[in-house]
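The values are calculated or read from the model by the stated rules, or taken from the named source; none is laboratory data. None of the values given here were measured: they were computed from a predicted structure. Please note: Cβ atoms are built from the backbone with ideal geometry, for glycine as well, and neighbour counts cover all protein chains shown. Side chains are part of the model used for accessible areas, which takes the heavy atoms of the whole protein and leaves out ligands, DNA and RNA. Shrake-Rupley method; radii C 1.70, N 1.55, O 1.52, S 1.80 Å.
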Amino acid sequence: MTGSDADAIVVGGGLAGAAAAIAVAKAGLRTIHLAPAGPPDRRTSALMMPSVDYLRSAGLIDDPAELGHALTQIRIIDATNRLIRAPETLFDAGEAGMTAFGWNFANSRLLERFHAAAAEMSSLETRNAGATDLSGNTVTLTDGSRLSAPLIVGADGKKSLVRSAAGIHARENAFAQAALVCNLDLGRPIGGTSIEFHYPQGPFTLVPAGANRANLVWIDDRAVLDAAKAGGNDALAATFLDKSQRLFGAVTLASPAFVFPLSTLSVDHAGADGVVLVGEAAHAFPPIGAQGLNLGLRDVADLAEALAAVDRAAPGWASRVSADYPARRAADLARTGGMVDTLFRSLLADMLPAQALRAGGLWALKLAPALRRQAFAVGMGNR
Ligand SMILES: Cc1cc2nc3c(=O)[nH]c(=O)nc-3n(C[C@H](O)[C@H](O)[C@H](O)COP(=O)(O)OP(=O)(O)OC[C@H]3O[C@@H](n4cnc5c(N)ncnc54)[C@H](O)[C@@H]3O)c2cc1C
């Protein structure tokens, strides 16, 4: 391995990058992780049971109850005034033979855990530096120095420099909608039920965060969210009270509100020529059905499998990994992207056929146990 500083360089210090760096180092590769310090990640992530099981098996978390909150039910309330309305639907994890669909975690707490796990690994070096260029298998860092490795892992988010430098074509479609997130304290406990109010411009979702605390994800036109935020906390709390249909009594803000722009992004293939992409560098979509990080963790699991399958004593191993990994990911990326896209468009659709389809779909899910089981399996990302 002459001329290389490591076996792999992972670029990007978000959750996908941190999980990938640990997985790559665990696979036995000398790994450098470029993770420039940034502002705290204010998002929360509902991770479905397969992702939680992966985090446990990878030694990244122990008992999920130490860090997060169980999601045992999902309640969908049609708050539109559409001609054809969907029924109120309650999905219970017990029906699928599970104690919970998954767990809701604060991203910042998960990242702390990942950092603690990374600090224990002698084969993993983390640097507080970004990449400014990638040429072949050489990365230029923000301090001007250069590092080379046969395998480059791009985990540098939607605007991935690694992706564009590697010449991997991405399609991005920005939406007029955005997501406003913040923590709320409610007048009554929310239990383990995630509640989605489906308004015409997008869902208003309360995700359980323990006792009376909920994490809000409100999707609406960007201009509406910016104006609501600019109105100050009292006006925001009044809007939330109204939008939550007073189901939980008084609502107060327990954190500042943040607005995230929304887009979909997909790539033709998630790797080539010694470069692989994980997380939002390879795929992004609106936070509907809580799929983004779940999919990012499945990227990491498949990358670990591609590394386990290759003979690293043979020349050209990194090229083989970067050909094998996208092939492993293709079906899951296409299926999940298609599912979220259809869901998002049907939630926002004003067209009568789409309303009827969605209402009909939810009636079918409400009434047919076999269909519900199938829907659970798709939403959970079961393979
Ligand atoms: C409102 C909202 C709610 C969500 N809820 C859920 C949910 O419930 N469940 C779920 O599964 N997913 C959810 N998601 C999606 C999930 O948050 C993302 O998929 C996930 O956090 C993306 O992680 P990432 O590491 O790929 O990207 P990012 O978090 O964007 O991290 C990319 C990192 O790369 C770094 N970087 C960028 N350029 C460079 C460079 N040149 N050199 C070095 N580093 C660089 C950045 O600083 C950043 O730290 C949600 C998203 C939003 C917006």
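In table form, for the structure just shown:
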read-out	value
Hz values of 3J(HN,Hα) by residue in segment 188-205 - Karplus curve (6.51, -1.76, 1.60), Gly and Pro given as x	9, x, 9, x, x, 9, 7, 10, 10, 8, 8, 8, x, 8, x, x, 10, 10
Charge context of SER4, other residues only, Cβ under 14 angstrom, K/R +1, D/E -1	0
Folded to 0 to 90 degrees: helix 107-119 orientation relative to the chain principal axis, Cα	20
Listed peptides 276-285, 96-105, 233-242, 187-196 by packing density, highest first (mean Cβ within 10 Å)	276-285, 96-105, 187-196, 233-242
Segment 4-147 - percent of accessible surface contributed by carbon and sulfur, probe 1.4 Å	48
Dipole magnitude (debye, nearest 20) for the chain, charges at Cβ of Lys, Arg, Asp, Glu	660
The chain: projected area of the alpha-carbon convex hull, averaged over directions, in nm²	18.7
Percent of beta bridges antiparallel (DSSP, the chain, rounded to nearest 5)	70
Karplus (6.51, -1.76, 1.60) ³J(HN,Hα), θ = phi - 60°, over segment 318-327, in Hz, Gly and Pro reported as x	5, 5, 5, 5, 6, 8, 6, 4, x, 5
The chain - accessible surface per residue (Å², probe 1.4 Å)	42
Environment charge at THR140 (Cβ cut-off 12 Å; Lys +1, Arg +1, Asp -1, Glu -1)	-1
Calculated [θ] (222 nm, deg cm²/dmol) that DSSP helices of n ≥ 4 give over the chain, each run adding -39,500 (n - 2.57)	-11500 deg cm²/dmol
Virtual spin-label span in nm between ARG246 and ALA227, 7 Å along Cα→Cβ	2.5
